[in-house]
Amino acid sequence: MHQYESMFILTPVLSDEQLQEAVDRYRELLKENGCEVVNDESWGLRKLAYPIQKKSTGFYHLFEFKADPTFVDKWELAFRRDERIIRFGTFRLDKHAVEYNQKRREKLASKSK
């Protein structure tokens, strides 16, 4: 199993309930396929660097997970089929990125205490 990081941007016209339902759907997809969710962060509504589909903002969400490499195609296909997703990216993390993400999470956790 490899470790991956996946960021996706949801359209800003969604209500809070629709937003949560979309995120829950992808969280369940990970669990159904035997993936281990390492980190799950909602970054909220943010301004986009450039307009996408005539929208200047979007809801950002990040998943970090461990999965079989064959799962990534299924994961990205789900993003492509969902009209609520305006952009996404999934990246395999090497050992240095995994270590960096772990330190970042620990630093965020210590700040929130």
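The values are calculated or read from the model by the stated rules, or taken from the named source; none is laboratory data. These numbers were taken from a predicted model, which means no experiment stands behind them. Cβ atoms come from the backbone with ideal geometry, glycine included; neighbour counts cover every protein chain shown. Protein only, heavy atoms only, side chains kept; ligands, DNA and RNA dropped before computing areas. Shrake-Rupley method; radii C 1.70, N 1.55, O 1.52, S 1.80 Å.
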Take D24 and decide whether it is under 19 Å from M1 (Cα atoms) and either more than 13 Å from the chain's Cα centre (by Cα) or open to solvent by 30 Å² or more (accessible area, probe 1.4 Å) (or both). no
Long-range neighbours under 9 Å by Cβ, at least six apart or interchain, first residue open to solvent by less than 80 Å² (accessible area, probe 1.4 Å) within the stretch 90-105, second in a loop (DSSP other than H, G, I, E, B): N101/L93
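Results for (1) within 29 Å of Q18 (Cβ to Cβ); (2) out of contact with any strand residue (DSSP E or B) (no Cβ under 6 Å at 6 or more places or on another chain), shown as yes or no for each residue.
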| site | (1), (2) |
| --- | --- |
| E64 | yes, no |
| D68 | no, yes |
| F71 | yes, yes |
| K107 | no, yes |
Examine the stretch 56-71 for a residue that is closer than 18 Å to A97 by Cβ and open to solvent by 50 Å² or more (accessible area, probe 1.4 Å), and state whether such a residue exists. yes
